[in-house]
Amino acid sequence: MVPALAVADALSESGASVSFIGTRERAEAELVPAAGYEIDFLDVRGLDRRNPLKAAVAAGKAAAAVRVAGRLLSRRGAEAVMGGGGYVAGPTGLAAVRRGLPLVLTEADSHLGLTNRILARRARRVCLAFEIADREGDRYLITGRPVPKAVLEADRDEARASFGIEDGVACLLVFGGSLGARSINEAVAEAFAAVGPRGFHVLQISGSRDYAEIRRRVGDVPQYTLLEYLPDLGDALAAADLVLARAGGSVFELTAAGRPAILVPYPYASANHQYENARWMLDAGAAIVIDDAELSAERIRTEVSSLIADPDRLGQMAAAARAIAKPDAAERIAAEILSHV
């Protein structure tokens, strides 16, 4: 939802009226209203290709949802539709095409997901986060992945003060997904909780699943701030000098903030896209990549200590991150949508 909300904000600033279609079971049910937008719901579910019966049920719900989505688009007076992949975007995109509405797709990964592959030929434009082989020509536009304004506008001094980071002390930011990344959480706690970080501050966002256990292990270690959750990464990235994280869509937030990174791709991500995301930053000189199977407390201590002790290298990596950033992705996608209205 982060990219979609960023585009919604850009559209709203251009004077457009924006609403969402989602499901009640996923994060958008809370995030969209919290951001100030209205949302309608479809009764759909993901396609489980390993279970024929569940797949058939999902396909039936998707077919019925096309009609419902069409009625929602008519009721909202929609003039254009943006799809971000996923099983809600499929029925909604098909409903838009049937009504002759302009359809603009966004793809956050280094490959087209199933829904976007189905809809791509019918879309006016497909906005890509990365260059994708065989996805070229006028229909495809490389925009990058939209990032929230909080990442671009956060104040470093205010952010560091809010997390209790002392002046002149470097900060390592650690995070996974919304639930966290267990292998990273455990390795960081083992690396730094017993004796504390040496010469830098650890700011760790553990996620809800691991928070209680990591809280127990960290205790009251000095220069170690443990949080369960943050609504966005703006202040955390502003406060950080180095980031240790997975390599999901947040790589675009890292580059927009100009932050060097140690990336640990999630090994079971679809189509191996986190390795591709990590390679993008690695090839640019903005990141070090560690395989999840090779992650350990000792490896983290070594890599982090080496980088923190070398501000020139951190500066070079930060410059490399900024060089590949696309901080205007939301505005570019919004302009593309408005151009077809």
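Restricting ARG98, ARG45, ARG75 to residues that are basic (Lys, Arg) and within 17 Å of ARG124 (Cα to Cα) narrows the list to ARG98. For region 159-185, a residue qualifies if it is more than 22 Å from the chain's Cα centre (by Cα), more than 24 Å from LEU31 (Cβ to Cβ) and part of a helix (DSSP H, G or I), and the qualifying residues are ARG160, ALA161. Against the criterion of being buried (at least 17 other Cβ atoms within 10 Å of the Cβ), assigned to a loop (DSSP other than H, G, I, E, B) and touching a Gly at 6+ places or on another chain (Cβ under 6 Å), GLY85 qualifies. Kindly provide the set of residues from region 92-114 that are modelled with pLDDT of 95 or more, crowded, with 21+ Cβ neighbours inside 10 Å and farther than 21 Å from ASP138 by Cβ, ordered by number. Hits for region 92-114 are THR92, LEU94, ALA95.
Of the candidates PHE175, PHE192, the single residue that is aromatic (Phe, Trp, Tyr) and either more than 19 Å from ALA321 (Cβ to Cβ) or exposed (fewer than 14 other Cβ atoms within 10 Å of the Cβ) (or both) is PHE192. No other residue among ARG209, ARG198, ARG217 is among the charged types (D, E, K, R), outside any loop (DSSP other than H, G, I, E, B) and assigned by TED's automatic domain parsing to the domain that holds GLU253 apart from ARG217.
Each residue in region 267-290 was checked for being farther than 24 Å from ASP241 by Cβ and out of contact with any strand residue (DSSP E or B) (no Cβ under 9 Å at 6 or more places or on another chain), and 8 of them qualify. Close contacts from region 177-195, counting a first residue that is touching a residue at least 12 places away in the same chain (Cβ under 8 Å) and under 15 Å from ASP292 (Cβ atoms) and a second that is basic (Lys, Arg) and assigned to a loop (DSSP other than H, G, I, E, B), with Cβ to Cβ under 7 Å and a gap of 6+ residues or different chains, come to GLY177/ARG246; GLY180/ARG209; ALA181/ARG246.
Select from region 1-54 the residues that are of a type in the set (Val, Ile, Thr), in contact with a strand residue (DSSP E or B) (Cβ under 7 Å, 6 or more places away or on another chain) and assigned to a loop (DSSP other than H, G, I, E, B) and list them in ascending order.
THR23 - this is the single residue of region 1-54 that is of a type in the set (Val, Ile, Thr), in contact with a strand residue (DSSP E or B) (Cβ under 7 Å, 6 or more places away or on another chain) and assigned to a loop (DSSP other than H, G, I, E, B).
Taken over region 300-332, the residue count meeting the criterion of being β-branched (Val, Ile, Thr) and closer than 26 Å to GLY144 by Cα is 1.
Applying the criterion of being charged (D, E, K, R) and at pLDDT 95 or above to the residues of region 237-284, the residue that is surrounded by the fewest Cβ atoms within 10 Å (Cβ to Cβ) is ASP283.
Any residue at all in region 68-78 that's touching a strand residue (DSSP E or B) at 6+ places or on another chain (Cβ under 6 Å) and either of a type in the set (A, V, I, L, M) or crowded, with 18+ Cβ neighbours inside 10 Å (or both)? Quick ask: steps written out before the conclusion?
So in region 68-78, the residues touching a strand residue (DSSP E or B) at 6+ places or on another chain (Cβ under 6 Å) come out as 72, 76.
This time we only want the ones that are either of a type in the set (A, V, I, L, M) or crowded, with 18+ Cβ neighbours inside 10 Å (or both), so: 72.
Yes, region 68-78 contains at least one residue that is touching a strand residue (DSSP E or B) at 6+ places or on another chain (Cβ under 6 Å) and either of a type in the set (A, V, I, L, M) or crowded, with 18+ Cβ neighbours inside 10 Å (or both).
When ARG26 is tested against (1) surrounded by fewer than 21 Cβ atoms within 10 Å (Cβ to Cβ); (2) under 21 Å from the mean Cα position of the chain (by Cα); (3) under 25 Å from HIS340 (Cα atoms), exactly one condition is not met: (3). Output the qualifying pairs, or none if there are none: Cβ atoms under 6 angstrom, residues six or more apart or on different chains, first residue in region 288-302 and in contact (Cβ under 8 Å) with a residue 12 or more places away in the chain, second residue exposed (fewer than 15 other Cβ atoms within 10 Å of the Cβ) and assigned to a loop (DSSP other than H, G, I, E, B). Between residues of region 288-302 that are in contact (Cβ under 8 Å) with a residue 12 or more places away in the chain and residues that are exposed (fewer than 15 other Cβ atoms within 10 Å of the Cβ) and assigned to a loop (DSSP other than H, G, I, E, B), the close pairs are ASP292/PRO267.
Just to be sure before I move on: is GLY137 farther than 30 Å from SER206 by Cβ, of a type outside the set (S, T, N, Q) and not in a strand (DSSP E or B) in the structure I sent? Step through it out loud before you land on a result.
Numbers: farther than 30 Å from SER206 by Cβ: yes; of a type outside the set (S, T, N, Q): yes; not in a strand (DSSP E or B): yes.
Here the answer is yes, as GLY137 does meet what is asked.
Kindly evaluate GLY249 against the criterion of being part of a helix (DSSP H, G or I) and under 27 Å from SER162 (Cα atoms). Answer is no for this residue.
The values are calculated or read from the model by the stated rules, or taken from the named source; none is laboratory data. No experiment lies behind these values; they were computed from the predicted model shown. Neighbour counts are summed over all protein chains in view; Cβ atoms, including those assigned to glycine, are modelled from backbone coordinates with ideal geometry.
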